[in-house]
Structures are given as C-alpha cells and as structure tokens.
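One structure is given below, encoded as structure tokens.
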Amino acid sequence: MKPDRKDLAPGLSISRILTGLWQVADQERDGVTLDPLAGARALTAYAEEGFDTFDMADHYGSAELITGEMLRGWKDTPRPKAFTKWCPEPGPMTAEVVRAGVQQRLDRLGVDRVDLLQFHWWTFEHPAWLDALHELARLKQDGLIGEIGVTNFDAAHLNLALADGIPLVSNQVSFSLIDHRAAGHLAETCKKHNVQLLAYGTLCGGFLSERWLDKPEPDSVADWSGSKYLRFIHAAGGWDAYQGILKAASHIATKHKVSISNVATRWVLEHAHVAGAIVGARLGENQHRADNLRLFQFELDRDDHALLNQAFDATRPIPGDCGDEYRQPPFLTASGDLSHHLAKMPSAMEAVTDPENPDRARVFSGSLWEPIAGYCRALRDGDRIVVSGTTATHGVDRTVALDDAGAQTTYILDKIAASVRALGGDPKDVLRTRMYLRGDEDVEPAARAHGLRFTTNPPANTTFLVGNLIGDFRVEIEAEAVVSIPRKTPS
C-alpha cells in the first residue's frame, strides 16, 4: 500500500502526505548538520514507499542539498518531487534579485527546474512582493520553475495575486484541529480560483498525539516547533480546551483502530481544498511511514465530526487570517516575535520632515501624479495623519488587478497602512476611511475586502458610488488617523 495521490496541477501528481524537511534545519538540530549521503538514503526510503513529495525551504539548513543528493542517485521515472520555498527579506525585487534567489534553489537541488517554487513575503505593506511574483511567472515561462505557489498568504492577498495575473496553484498554510483559519475565507478563495492548500502544522509540532493525552502543561518545550505550537494552543483557548480536542480525537482513534495523529491529519485532508498535508521527518531517527499509511484506510463519519465540533466549541479562533502569525501581534512564532527571522522590517516609504515645521512630516509613494499635481501620499501634523485619495497604482503607473475591486481595495489599504506606519502611526490608528467606487458591481467586493482588513479596530466609513474615476481604477480610498495616545478618563 502507498499513500493516496492528487494532482496539484496538470502533470504534477503528489503524495497526499508530503514529507516535510523542517527538522533538517540547523536550529532544530542544535547546529548539527546531517551527512548528505546518509540523509539522501533516508529520503530514498521514503520515496520508494510512495512518500515521494518533499517540502523544504531556503532556510531549512541542508535540506535542499540532501534532496539534491537523493535526486542525483534516483534512477527510475518519474523521479520524486522537490518543493522548496524562497523567503527573501522585504526590499526591492528586481529581475536580478529574483533570478538569483531561484538560481540558488536550482544549484542546491542540482536540477534544471524547480517542481514547485513557493514564495513567502513578510509584510504586504511593502509592495515589492508583486514584482517578485511577476518575475517568478517569467521564470516559469523560461522553464526554470514548474509551478508557482505561495506560503502563508491570507485570503485577501491570495485573491490579489491571482487577480493580478499570477498563475498560482497552491498556498501552504497552517491548518489543524487547533488552527481552523484555513477553513474560512481562504477556502472560499481557493474554490473561486481552483487553488489548493498544502497544510503544515497538522500535528502541531507533536502535540496532537498520544504523548500529551491527559498530561499536564509543560513549563517549556525544548524544540522550536513545540515552542511555536504551544503558543497556538494558548491562543486557541489554553491547555484544557486543547485536552478536550485531544480526548475527542483519542476516542475517534480507538473507534477506527488508528492513532490520534491519523485522526488529526485525516480531518485536514478531508477538506476539499486541501491537496496534501506535510508531515515532518527526522531523518535517521523516528520513522512514521507505516502509521501514516493508515490515514487512507478510514474516513471520519458524522459522529466523528460531531464529537470534534463539540470539542471545538470550548476553544476560540486563532486571531486573524492565515499567515497573520508572521505579520502582526500576537506573533505565534517560537520566540513570540520575528527576531529570529528578520533583523528589521524595512518600510516602502520614508517620512520627510517639513523643514519649516518640525511637527509636520510627509511620505510619498512614487506615484506619477504626486509631483505633477503637487501632493503627498500622506501627511502627519502633530498626532493627526491624513492620507490622500489612494488608488491601486503599483510603481509609477501600473494599475493592479484591473477588473477586481476587492483586490484593488486590498492593495490600496496596504498602501495606506504603509503610509501611516512610515509616519509613526499604526494601522489600528485609522479612524475614518472614505471609499469611492466606479460601479454597482464594485460595492460588495470592495466592502468585503475592507471588512477583512478591519475585523478588529473598525474605523468610521463612508462609501460613494461616483460612476467614474480618473484612469482605469475601480476604487479610490482616503483615510484619516490619529496616533494613539492614552485615553483620558471623563471628569
């Protein structure tokens, strides 16, 4: 018996259990590097048993090198699939920068084409992520990339990328019995665009297993993955709520004669928009292939789902949408912030202090019309920030997502957030927005995109249907913010 398979894209068949190589990363092994030949032999054993789809990243230690060694020694066809990620620091994404990032993946894997190149971006307030994706699309046309995916994209930005013409086939996100975010808005976006999910964190770093059933909460966890997913457990309602899920999964596991991990992964795989789940492998150590094959010998029935749903009722949703754990508080990373990922978060805009008034500053976005018409993107005077009418102009004069008002709204709100942050504010300081829309058909998608951005700290808003806008824009938005100050108690 071998794992079930699914087509991620035409001609790209994958194992529904992908073998994740995060544990090869040096930070997961106290800096100890695996022997490439021994690691390659371990990967070959996985591939020979049907677990022939491997997931890694540029920062997973020697994972790409070990996979390359395995691919060079593989004699049969088809060969195993090597999926990797490119996670650059925010900054200008020129053709040279993007090509260099992809070329390094090719060199380390020892291949002429990356089967699936998955792109991660740390902050959508820096718009160069679209430049990077368009350049990846050109490299796909050149044959250096088989398919393009993204990782940790929320529903709004996945829709924006697709509406702007990026040929994405997948999005890799956290999805588990603890973290249900991928079953929400993201599921709707995947269905709309025929994009599939690759789910990681399905076992929550080992917390969704018999090991922790009826056990007290640990004071700390030694490994990075465990530290990260303990934060997820806290965010979802705490140890008692988690134990309720674990007990429900244990009951179901006993009924089907499988493991708790099988139940947890099966629940994720049964979502229609999930192509596969990523299960980590500690090469040369624990092997769980036989247990993982049991995933395809049972299905969850109505009673099983009812029992899990009852346990879910005692939890609370993980904050935000998919990927928000890397972009805004509360950061659900191993360290609770981004310090082990980035030294700093560069801004796309810089504030310029008014030489005649030190309490006043401006930012410019580089729009073609700013110098012509004599205005700035945003201005701060004291604690007040006002943002000019903003459109989905990328760079000097390119309009993003020409026919999608919701995607344009998402892009515009990113630009407004970047403007406010560059002037020392925070997007939560926005108190008012005004939206100007071209036609009736734009009202609902723009409103929904605005709603996704402001699920917390919603501002006052007025929406105008103006019938026409300058240029080919569907949406224009202006905003006002007041930088947060301690609130005075009424006398």
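For this structure, a couple of remarks:
- Inter-part distance, segment 170-219 to segment 46-119, computed on C-alpha centroids, equals 23 Å.
- With θ taken as phi - 60° and the Karplus curve 6.51 cos²θ - 1.76 cosθ + 1.60 applied, the whole-hertz 3J(HN,Hα) list for segment 212-229 is 9, 5, 6, 9, x, 5, x, 5, 7, 10, 6, 8, 5, 4, x, 4, 5, 6 Hz, x standing for glycine and proline.
- Think of each Lys and Arg Cβ as +1 and each Asp and Glu Cβ as -1; about the Cα centre, that makes the dipole of segment 1-135 roughly 480 debye.
- Simple spin-label estimate for A272 and D337 gives 4.4 nm between the two label positions (7 Å along the Cα-to-Cβ direction from each Cα).
- Sites E370 and S347, calculated FRET efficiency, Cβ-Cβ separation with R0 22 Å, nearest 0.05: 0.80
- Label separation (R302 vs E356): 7.6 nm, computed from points 7 Å beyond Cα along the C-beta direction.
- Seen from H193, the other residues with C-beta closer than 13 Å to its C-beta sum to a net charge of -1, counting Lys and Arg as +1 and Asp and Glu as -1.
- Sequentially through segment 301-307, phi angles give Karplus couplings (6.51, -1.76, 1.60; θ = phi - 60°) of 9, 4, 5, 4, 5, 5, 5 Hz, Gly and Pro residues having no value and appearing as x.
- For segment 364-491, size of Cβ-based charge dipole, Lys and Arg +1, Asp and Glu -1, in debye: 580 debye
- Cα-centre dipole for the chain with unit charges at Cβ (Lys and Arg positive, Asp and Glu negative), debye to 20: 540 debye
- Using a Förster distance of 22 Å, the FRET efficiency for D35-Q103 (Cβ separation, nearest 0.05): 0.30
- With every protein chain in place, the chain: carbon and sulfur % of accessible area (1.4 Å): 50 percent
- Peptides 405-417, 8-20, 159-171 ranked from most to least packed, by the mean per-residue count of other Cβ atoms within 10 Å: 405-417, 159-171, 8-20.
- Note on segment 1-128: Kirkwood radius taken over Cα pairs, Stokes-Einstein applied at 25 °C and 0.890 mPa s, translational D equal to 158 µm² s⁻¹.
- Every helix of 4 or more DSSP H residues in the chain counts as -39500 (n - 2.57), and over all residues that averages to -10000 deg cm²/dmol at 222 nm.
- Computed extension gain for N468 through A95, at 0.36 nm per residue and net of the alpha carbon distance, reaches 130.8 nm.
- Converting phi to 3J(HN,Hα) with the Karplus coefficients 6.51, -1.76 and 1.60 and the offset θ = phi - 60°, segment 83-92 yields 9, 9, 10, 10, 10, x, 6, x, x, x Hz in sequence order, with x at every glycine or proline.
- Between E188 and L402, the contour length at 0.36 nm per residue exceeds the Cα-Cα span by 74.9 nm.
- For the chain, accessible area per residue (1.4 Å probe, heavy atoms of protein chains only), Å²: 44 Å²
- Gain in span if fully extended, D142 to R211, counting 0.36 nm per residue against the direct Cα distance: 20.0 nm
- Options H120, V150, F83, ranked by Cα towards positive dipole end of segment 78-170, top entry (Cβ charges): F83
- Residues whose amide H falls under 5 Å from that of Q118, counting only those 5 or more places apart or on a different chain, are T84, K85, W86, G149, with hydrogens built in the peptide plane.
- Shape metrics for the chain, restricted to C-alpha atoms - Rg then Dmax, Å: 23.8, 81
The values are calculated or read from the model by the stated rules, or taken from the named source; none is laboratory data. As the structure is a prediction and not an experimental result, all values here were calculated from the model. Cβ sites come from the backbone with ideal geometry, for glycine too, and all protein chains shown count toward neighbours. Note: accessible area is taken over every heavy atom of the protein model, side chains too, but ligands, DNA and RNA are not part of it. Shrake-Rupley method; radii C 1.70, N 1.55, O 1.52, S 1.80 Å.
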